[in-house]
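Below is one structure; the comments refer to it alone.
The values are calculated or read from the model by the stated rules, or taken from the named source; none is laboratory data. Treat the numbers as computed from the prediction; the structure is a model and nothing was measured. Virtual Cβ from ideal backbone geometry, glycine too; neighbours counted across all protein chains shown. All accessible areas refer to the heavy atoms of the entire protein, side chains included, with ligands and DNA or RNA removed. Shrake-Rupley method; radii C 1.70, N 1.55, O 1.52, S 1.80 Å.
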Amino acid sequence: MNVLESVRMSWRAITGHRLRSVLTVLGVVIGVGSVITFVTLGASLQAAIVGDVATSSPDIAATVGPAGGPEGGPGSAESIPVFTEHDIEQLQGIEGVDAVIPTGQVGIAGLEYRDDRIRWPAVTATTAASFDEDEFADGGPFTAGANETVLNPAAARMFERNVSAGDEITVEFAENDSRTLTVAGVLNESTGFAAVGGGGGTPAIYVPTDPFYTTTAESPATGERQRAYPQLTIRAASYEQVGAVEGPARDYLRNESDASQLKPASYEVSLTTNDALVEQIQGILSTFTNFITGIAVISLLVGAIGIANMMLVSVTERTREIGIMKAVGATRRDVVQLFLVESIILGVIGSVLGTVVGLAGGYAAAELIDLPVSFAPEWFAIAIAVGVGVGIVSGIYPAWDAARTDPIDALRHE
Amino acid sequence: MTDAAVELHDVRKTYRMGDQTVHALDGVSLTIGRGSYTAVMGPSGSGKSTLMNVVGCLDTPTEGVVEVDGVDVTELSDAERTGLRGDEIGFVFQTFNLMPQQTARENVELPMTFQGVGRSERRERATELLESVGLGDRMDHKPNELSGGQRQRVAIARALANDPAIVLADEPTGNLDSDTEADILALFEELNAAGNTILTVTHERLVAEHAERIVHLFDGEIEEIEEIAERRIAGEANR
C-alpha cells in the first residue's frame, strides 16, 4: 500500500474517531504547550534577574601599562594611544564579540552654555555603541560624524542652568577653534559605562570619535595613518562568552596587533573584566539552565505519558478493525504503516497547536508577572520532536502488537 | 492445476488448553470444486470454525496440507499467506465486520486497496459490485446507516472485490430475520449460479439445504458428506 493511500485512510480514521483524535491531539498540545510555557517563563525570569544584577555590559577593557606593574584599570594614567582602527577591525572579527568601543581623551580649553563659560580640560571621544538605549534619562546617543554630544548627569548640572537634550553647548577645542554641539542625550544616574568609569559624581562629556578625535599613529599592519586610542572596550555578545572572547583577544593584542608594536617595549597589553560580576551572572545562568531543564523534562514526561496512554487505548479499542483489515488482506506492514501515519498526523497537529498555545501561554504568564519576555527556541524544537516522537513510539508499539495478533482473535474482540 | 478451488489432505489442528490437548480437526480430507456450493454443519465444538479459518488462511493446520487454488498454504510465510488471503479468499461474517468509519463503497474498496489496485479502478469495481448486490443507492452510507441485510450485502460485495477463488461465509444469516435471511441466501444462489465457489458454515439445516452438499463435522472428523437431492431455493422459502 502506498503512502498516499495510507495518509488518506489514516485521515479517514482520524476524522471518523473524532473524540479520540481530539483527546490525543489535546494530550500532545498539553505536553508540548506546557514545556514551551514553562521554558519561556524560566527564560524570561532568567533575563529579568540577569538584567537586575548586570549593572554593566559583558565588557573586557584593554589598556597598556608597564609590564609587571599593577593591572592597568580603566582610565589608567599610563595610557598611551596604541590601539589603531586596524586593531579594532581585527578584534571585531573574533567570534562572540558584539562590539569594540574605542575611548580617548580630547584636550579642550573650555565649555560654554548660555553665556556661562567653564574652564575644562578634556572631553571623552567614543562611539555610539558605548551607550545603551535604556541608559538615557533624556534623548539618545550621538551620531557618528555629527556635531553632537552626550553628557552624564553631573556634566548636565555643572552649568548655572541644567542642560537637557536638544540644547546647544559650545566647546572650545583650542584657541580660536570653538564649535557648537547639539546635546543628543543626557545619561541617567545609574549608568555604569565601564569604559569611562561610570556615571559617578565626575562630570563627563562624550563626543563622537569622528570627527573630534584626532590622535593618530601609523599602523604597522597597513602602513596608513589611523586614529589610535589608549583604551578599547571589547563587548562580548553575552556573559557566557566573556571567557571565550578574552583568550583570542589577548593573543591577538599581545602578539599580532598594531598595539603590540606601537607600545614601548617595557609595556604590556592588559585585559581586565569585572570578574566578580561575570562569575555571579554565570552562576545565575547555570542555576536557571538547570531549573529550566528540570521543568522541561518533567513537562515532557507528563506530556509523553499522556500521549502514550491515549495512543495505547486508541489502538486497543480498534483491535477488531485491525482484525477486519487483516482478514481482507492487510499485511502487518500495512497495519503498522496506517497507525504510524495516523500517529504522525496527530503528533504534528498537536505539536503545532501546542507550540502556539505554549508561546501564547508563556507570553501571557511573563506579561502577567511583569517580566521581559524571552524565548528559548532550542527547547521548542526539543518539545516538538518529543511530542511527535512519543506519538509515533506509543502508536507504533501497540499497532505492531495488534498487527501480530491472530486475526481470528482480533475479529472476536468486542 | 486441478479444478478444485480448495483441497484439504488429512488436516489436523491441535490446541493445547491447559494440560489438555484438543483436536479441533482430526484428519479432515475434503475437495471443494470450483463453482461448487458447500455447507458445513455440526454442533458447537465440532471444528466448523477451525475448518473455516484453515481454509481462509487465517489459521495454519498442525499437520496436513491445505491447497488454495493449487498453492500449498502451509508452505507460505505469514506475509505470503496474507497476500493469498487478500487475493483468493472472500470472507462473509455473521457480525458483518465492516469498518464502521467507512462508507459502503470504501468498505468494498478495502481489499483492493491492500492489493494495490488503483483508485479509479477500485471505485469503478466497488460501484459495480454494490449495484450487483442491489445497493446502488446506498453506496455512500456508513454501516450504521444500513439495515442488517444491507450490511451483509456490503460484506458480500467486499468478499467478491478481488474475484476470489472461494467465498467463505460463517453463519452469514445468523444475525438476520427470516425475510432478510431468504434475500441473502438468494444472493448466494445467484453468485453461485454466476460461477462463484461458496463455502458456508451454519448450524441451521434450513440454511444448509440451499447448498449442493452438506459436510457434517463431528469431533473434528467428517462424519458424512450429504448430497442434497432437492436443493432448497431461496425463492420458494420466501413464498
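Ordered from longest to shortest, the equivalent ellipsoid semi-axes for the range A:59-273 are 30, 19, 15 Å, each the square root of 5 times a Cα gyration tensor eigenvalue. For B:Tyr15, the accessible surface of its heavy atoms amounts to roughly 80 Å² (probe 1.4 Å, protein chains only, rounded to the nearest 10). Applying the Karplus relation 6.51 cos²θ - 1.76 cosθ + 1.60 with θ = phi - 60° to the range A:321-336 yields 3J(HN,Hα) values of 4, 4, x, 4, 4, 5, 5, 8, x, 7, 7, 4, 4, 4, 5, 4 Hz, where x marks Gly and Pro. DSSP beta bridges confined to the range A:116-191 are antiparallel in about 70 percent of cases. Ordered from highest to lowest accessible area with the whole protein assembly present and a 1.4 Å probe, B:Arg123, B:Arg12 read as B:Arg123, B:Arg12. Helix A:18-53 and the longest principal axis of the Cα set of chain A meet at an angle near 20°. Summarising the label geometry, the points placed 7 Å from Cα in the beta-carbon direction at A:Asn162 and A:Ala146 lie 2.3 nm from one another. Note on A:Val183: accessible area approximately 0 square angstrom, rounded to 10, probe 1.4 Å, nucleic acids and ligands left out. Look at the stretch A:316-328: the mean tally of other chain Cβ atoms within 10 Å of its residues' Cβ atoms is 6. Membrane-span-like helices of chain B, defined as complete DSSP H segments with a Cα extent of 18 Å or more along the helix axis and a mean Kyte hydropathy of at least 0.0, are identified as B:178-193. With a 1.4 Å probe rolled over the protein heavy atoms of all chains, the accessible area of A:Trp400, A:Trp120, A:Trp379 falls in the order A:Trp400, A:Trp120, A:Trp379, largest first. Placing a pseudo-label 7 Å from each Cα along the Cα-to-Cβ vector at A:Leu19 and B:Glu212 gives an inter-label distance of 5.0 nm. Accessible surface comparison of B:Thr38, A:Thr287, A:Thr319, probe 1.4 Å, protein chains only, largest first: the order is A:Thr287, A:Thr319, B:Thr38. Adding -39500 (n - 2.57) for every DSSP H run of four residues or longer, then dividing by how many residues chain A holds, sets the calculated 222 nm ellipticity at -16500 deg cm²/dmol. The angle between the Cα long axis of helix A:242-251 and the main principal axis of chain A comes to about 50°, on a 0 to 90 degree scale. Seen against the Cα atoms of chain A and their longest principal axis, helix A:275-317 is set at about 10 degrees.
Once the gyration tensor of the Cα atoms in the protein assembly as shown is diagonalised, the equivalent ellipsoid follows with semi-axes of 92, 24, 20 Å, ordered largest first. A protection proxy built from the mean count of other Cβ atoms within 10 Å ranks the segments A:31-39, B:222-230, A:234-242, A:339-347, most packed first, as A:31-39, A:339-347, A:234-242, B:222-230. Modelled spin labels at B:Arg205 and B:Asp72, positioned 7 Å past Cα toward Cβ, are 4.1 nm from each other. Between the beta carbons of B:Glu63 and B:Glu124, assuming R0 = 51 Å, the FRET efficiency works out to 0.70 to the nearest 0.05. Accessible area per residue for the protein assembly as shown, computed on protein heavy atoms with a 1.4 Å probe, is 44 Å². For chain B, DSSP calls about 60 percent of its internal beta bridges antiparallel. Peptide A:395-407 has a mean of 1 when you count, residue by residue, the C-beta atoms of other protein chains within 10 Å of its C-beta. Of all lysines in the structure, the ones whose alpha carbon falls short of 28 Å from that of B:Lys13, not counting any fewer than 8 places away in one chain, are A:Lys326, B:Lys48.
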